[in-house]
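All remarks here apply to the structure that follows.
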Amino acid sequence: MLLLALDTATPAVTVALYDGRDVIASSSQVDARRHGELLLPAVDRVLAESGLKLDAVTGVVAGTGPGPYTGLRVGLMTAETFGLALGVPVHGVCTLDGLAYAADLPGPFAVVTDARRKEVYWARYADSRTRVTDPAVDRPDAVAGQVRGLPTVGAGALLYPDAFPQAHEPEHVSAAALARLAAEKLAAGEELPAPRPLYLRRPDAQVPKNYKVVTPK
């Protein structure tokens with residue numbers, strides 16, 4: 001097994017190679033505006049660090065969000081392209097699940113990431129491997145009422161300390177955690193979903209209202 005994992009659903013552009021036992025190379029850079037510029041060089045970097053070629057990869061793992069439209073689609077399109085070029089399966093893993101797995105908290109908690117527009121993406125977990133609610137997007141104060149008394153993980157929790165006073169790291173997801181989680185699920189015989197994006201809301205870019213359509217005379 002050699003899994004290439006990547007995620008661009010958060011400001012972190014993160015890539016890792018996992019051989020079934022260890023993460024043999026990884027890269028993470030935080031830059032919310034340069035996902036498209038940073039992702040492929042990061043893939044090249046982890047391959048060079050591992051001393052392996054891309055054709056050694058036997059599967060691709062992609063974080064499916066939730067996340068902003070532009071950043072999220074960069075990672076998913078790249079993962080799909082690698083899968084087609086290599087003829088290997090592409091597995092989707094919820095980005096929030098990767099954060100929960102990396103946090104490794106012992107009891108109930110929530111993962112909260114920054115959704116911009118003064119909103120957060122979030123979900124509740126029974127433990128680091130078991131999500132008990134669907135990912136959602138809402139205002140921090142609305143989420144706070146639903147996770148009151150629980151530890152919270154992620155950039156959204158750290159960004160709004162009044163709403164989430166028990167905030168914990170990690171701030172952003174890591175591809176290393178996604179790869180480990182995916183490998184664990186596959187080894188248990190669990191079928192992972194296709195890499196379909198969890199946008200949860202419309203993209204920021206919108207067609208202007210009262211747009212004038214010009215037709216030929």
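The values are calculated or read from the model by the stated rules, or taken from the named source; none is laboratory data. Being a predicted model, the structure only gives us computed values, none of them experimental. Cβ atoms come from the backbone with ideal geometry, glycine included; neighbour counts cover every protein chain shown. Only protein heavy atoms, including side chains, enter the accessible area calculation; ligands, DNA and RNA are left aside. Shrake-Rupley method; radii C 1.70, N 1.55, O 1.52, S 1.80 Å.
The table below lists the values:
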{"read-out": "Dipole moment magnitude, nearest 20 debye, the chain about Cα centre, only Lys, Arg, Asp, Glu C-beta charged", "value": "1040"}
{"read-out": "Mean Cβ count within 10 Å, highest first, over the residues of peptides 108-116, 4-12, 29-37", "value": "4-12, 108-116, 29-37"}
{"read-out": "q = 0.10 Å⁻¹, the chain: log10 I(q)/I(0) [Debye, one scatterer per Cα]", "value": "-0.44"}
{"read-out": "With every protein chain in place, the range 1-150: carbon and sulfur % of accessible area (1.4 Å)", "value": "49"}
{"read-out": "Total charge dipole magnitude, the range 88-147, about the Cα centre, Cβ charges on Lys, Arg, Asp, Glu only, Debye to nearest 20", "value": "120"}
{"read-out": "Residue-averaged 222 nm ellipticity for the chain, from DSSP H runs of 4+ at -39500 (n - 2.57), nearest 500", "value": "-9000 deg cm²/dmol"}
{"read-out": "Span from the the range 47-94 Cα centroid across to the the range 16-40 one, whole angstrom", "value": "10"}
{"read-out": "Considering only the chain, percent of DSSP beta bridges that pair antiparallel, nearest 5", "value": "65"}
{"read-out": "Average accessible area per residue (Å²) across the range 49-137 - probe 1.4 Å, nucleic acids and ligands excluded", "value": "42"}
{"read-out": "Listed residues LEU72, PRO170, VAL61: farthest to the positive end of the dipole of the chain (Cβ charges)", "value": "LEU72"}
{"read-out": "Positive-end residue of LEU99, LEU39, GLY189, charge dipole of the chain with Cβ unit charges", "value": "LEU39"}
